[in-house]
Amino acid sequence: MSRIKQCFDRLRAEGRKALIPYITAGDPNPQMMLPLMHELVEAGVDVIELGVPFSDPMADGPVIQLAMERALAHNVGLRDVLDMVREFRKTNQTTPVALMGYLNPVEHMGYEAFAEQAAAAGVDGVLLVDLPPEEAEEVAPLFRSHGLDSIFLLAPTTTLERARRICENASGYVYYVSLKGVTGSATLNVTEVAEKLKQLRTITDLPIGVGFGIRDGASAAAIASVADGVVVGSVLVSQIAANLGDPEQARAGIAAIIRDMRAAMDR
């Protein structure tokens with residue numbers, strides 16, 4: 001059983017929901033990643049989504065685009081991200097880590113080589129934003145054979161028929177994008193999200209995490225009331241951007257946001 005499934009099973013038994021932060025690997029520098037990942041765990045997260053830097057992050061808004069640029073300025077690539085996970089695993093064997101990124105770096109490395117190296121490093125899941133379900137029918141089984149969960153995005157515009165096809169290849173959890181737009185968008189309609197999740201649960205038993213537009217404890221708690229997990233990214237990355245000269249302050253700001261969300265979700 002994967003670490004991701006174990007995590008969601010435990011949370012379900014406890015009557016709690018998963019808090020899943022996104023950070024861009026190597027932002028603002030590679031040295032900050034390991035302390036930040038451990039800080040997230042101490043603050044109460046359940047799964048870490050680690051963004052793989054890429055030069056054309058089409059699904060992301062300006063906040064994460066700039067984070068990608070900062071990481072790329074330090075020449076952080078896919079192999080470096082795997083090294084970060086490997087270091088994290090030396091002291092944390094329980095918190096699931098999912099890589100979130102784009103297809104090009106994985107294709108460049110090769111699917112088989114990537115799967116082998118990611119599994120060896122301690123990665124638990126992979127979310128490739130621009131991997132279509134038509135190609136996933138070959139890739140997902142390969143990842144599963146190496147113990148990697150394949151996580152996919154579902155959007156408000158995804159038809160139920162297409163969502164069913166996507167979920168057939170998914171494992172771990174699926175990530176529902178709560179609104180039309182890019183990461184960092186502001187509008188969030190919980191009623192619409194709840195209705196969509198109700199439909200999705202007719203076609204999959206997988207946990208459903210919801211992201212985009214979640215900024216504070218109130219919005220996290222509102223989404224947690226209808227979803228299995230809450231994914232938060234841009235508001236955390238903004239803390240790094242606002243404290244580029246003070247990594248400790250950035251970590252403290254991120255930890256404060258996470259603790260507020262964790263407390264609100266658990267209430």
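The values are calculated or read from the model by the stated rules, or taken from the named source; none is laboratory data. Keep in mind it's a predicted model, so treat the numbers as computed, not measured. Cβ: placed from backbone, ideal geometry, glycine included. Neighbour counts: every protein chain shown. Surface accessibility is based on the protein's heavy atoms, side chains included, excluding ligands, DNA and RNA. Shrake-Rupley method; radii C 1.70, N 1.55, O 1.52, S 1.80 Å.
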**Prompt:** Among Ile258, Ile240, Ile254, which is the only one that is closer than 30 Å to Leu200 by Cα and either in contact with a Pro (Cβ under 9 Å, 6 or more places away or on another chain) or at pLDDT below 95 (or both)?
**Reply:** Ile258
**Message:** Checking Ala59 against (1) in a loop (DSSP other than H, G, I, E, B); (2) modelled with pLDDT of 95 or more: exactly one of these is not met. Which one?
**Reply:** (2)
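If you take just the helices (runs of 4 or more DSSP H) that sit entirely in the range 185-242, which of them hold at least 1 residues that are open to solvent by less than 30 Å² (accessible area, probe 1.4 Å) and within 20 Å of Gly15 (Cβ to Cβ)?
Counting at least 1 such residues, we get 190-200, 217-224.
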**Asked** Lys198 is checked against (1) over 24 Å from Gly101 (Cβ atoms); (2) out of contact with any Leu (no Cβ under 9 Å at 6 or more places or on another chain); (3) touching a residue at least 40 places away in the same chain (Cβ under 8 Å) and fails just one. What number does that condition carry?
**Response** (3)
**Asked** Does at least one position in the range 61-74 carry a residue that is surrounded by 15 or more Cβ atoms within 10 Å (Cβ to Cβ), under 24 Å from Met109 (Cα atoms) and charged (D, E, K, R)?
**Response** yes
**Complete:** When every residue in the range 1-33 that is without any contact (Cβ under 8 Å) to a residue 12 or more places away in the chain and assigned to a loop (DSSP other than H, G, I, E, B) is compared, the one nearest to Val230 (Cα to Cα) is Gly15
**Residue, most open to solvent (accessible area, probe 1.4 Å), within the range 2-47, restricted to residues that are of a type in the set (Lys, Arg) and in contact with a Ser or Thr (Cβ under 9 Å, 6 or more places away or on another chain)** = Lys5
**Prompt:** So which residues in the range 133-168 are farther than 22 Å from Ala59 by Cα, buried (at least 17 other Cβ atoms within 10 Å of the Cβ) and among the aliphatic types (A, V, I, L, M)?
**Reply:** Leu148
**Prompt:** Does Gly172 satisfy being surrounded by 15 or more Cβ atoms within 10 Å (Cβ to Cβ), within 25 Å of Leu236 (Cβ to Cβ) and either free of Cβ contacts under 8 Å to residues at least 12 places away in the same chain or touching a helix residue (DSSP H, G or I) at 6+ places or on another chain (Cβ under 6 Å) (or both)?
**Reply:** yes
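Residues in the range 119-138 that are among the aliphatic types (A, V, I, L, M), part of a helix (DSSP H, G or I) and out of contact with any helix residue (DSSP H, G or I) (no Cβ under 6 Å at 6 or more places or on another chain): how many?
The total comes to 2.
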**Request:** Out of Val76, Val106, Val81, report the one residue that is in a loop (DSSP other than H, G, I, E, B) and either at pLDDT 95 or above or acidic (Asp, Glu) (or both).
**Result:** Val76
**Request:** Mind counting the residues in the range 84-103 that are assigned to a strand (DSSP E or B) and open to solvent by less than 10 Å² (accessible area, probe 1.4 Å)?
**Result:** 4
